[in-house]
Each structure stands twice: as C-alpha cells, then as structure tokens.
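**Q** Just dropping this structure here.
The values are calculated or read from the model by the stated rules, or taken from the named source; none is laboratory data. Everything numeric in this text was worked out from a predicted model, so none of it was measured. Cβ sites come from the backbone with ideal geometry, for glycine too, and all protein chains shown count toward neighbours.
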Amino acid sequence: MLRKAKISDVKDIQKLLTNYASRGEMLSRSLSELYDAIRDFYIWEEDGRVLGASALHIVWEDLAEVRSVAVAEDAGRRGIGSQVVGACLEEARVIGLKRVFCLTYKPDFFAKFGFKVVDKSELPHKVWGDCIKCVKFPDCDEIAMILDL
C-alpha cells in the first residue's frame, strides 16, 4: 500500500536508507533529519513492513528534489520504487512545482519518468547543502537529472 509516511515509520525508513548508504549508493540520514523531513516521504507498506520509500524535498519556489529512494532488497523488481517516486512527482505537480531534479546512480530508472541528464553546474548552489556531509564531496560521481513538469 502506498501512503504518506508517519512518525512511526522513521526507524524503518532509516534502516532502508542505511542499507544503501553503507555501500556508498546514497547519503545516510540521521533519525533527526528523518523526523524533520517526515512530511516529505511516501512509503510502500505491506503486512506492516516498510518496503520502499522516497521523498520530495522542496528546494525553491519552482524546484524540488526526489531523494532517498530506497526499496528493500527482497522486494525489488516489483514496481515499488516507481510507485513511491510517482507519488512524489504527482505531489510536485499538484503543488505547482515546475521542475524536479535528482542525483542518482540509476539514471535509467529516472529516465522512465522523463528525467534528462544535465550538468551538475545547472543546478542552483542551494541544492548542494547536503553534499558537504557526503564522503565523496567534492568529487561527486552521481548523475544529475531534471524533469520539467
């Protein structure tokens, strides 16, 4: 079931993200950061278990980021990632955003939604606030992509 995340989901979301962060595939998120951003998240839940998560983080009046996209490894290839990202994009449209970006190692996944690869320099400096926490900073090897809504 797709739904907005609740406070009670935070620790499960963190477990999902930590699995990927430990491999250098995304930024880790502290519990504090997740509680602060809980309203940004959609989750996919089955039988009381959080199997997928994604967040829509608003950056500016016309720009947001889809981030923290994670699916439990034993639930992959079932469309859960597409469901949670799709919910973020629908919300972006509803609230009137013009563009959504992502930083990813999975460009083919985001291309299915219409995201296009762009040079990172095209993104405003404001989007790099979280990057300072990354072990790969300043030599980021993620791919920047943008979707015009």
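For every residue, the table says whether it meets (1) modelled with pLDDT under 95; (2) farther than 20 Å from D9 by Cβ.
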{"site": "Y42", "(1), (2)": "no, no"}
{"site": "E45", "(1), (2)": "no, no"}
{"site": "E61", "(1), (2)": "yes, yes"}
{"site": "R67", "(1), (2)": "no, no"}
{"site": "A70", "(1), (2)": "no, no"}
{"site": "R77", "(1), (2)": "yes, yes"}
{"site": "V85", "(1), (2)": "no, no"}
{"site": "I95", "(1), (2)": "no, yes"}
{"site": "K98", "(1), (2)": "no, yes"}
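**Q** All but one of (1) more than 25 Å from V118 (Cβ to Cβ); (2) touching an Asp or Glu at 6+ places or on another chain (Cβ under 9 Å) hold for S22, so report the exception by its number.
**A** (2)
**Q** Something else: Please enumerate the residues belonging to segment 111-127 that are assigned to a helix (DSSP H, G or I) and free of Cβ contacts under 8 Å to residues at least 40 places away in the same chain.
**A** Residues satisfying the conditions are A111, K120, S121, E122, H125.
**Q** Another question about this same structure. On the basis of being without any contact (Cβ under 8 Å) to a residue 60 or more places away in the chain and of a type in the set (F, W, Y), does W44 make the cut?
**A** On the way: without any contact (Cβ under 8 Å) to a residue 60 or more places away in the chain: yes; of a type in the set (F, W, Y): yes.
Yes: the conditions hold for W44.
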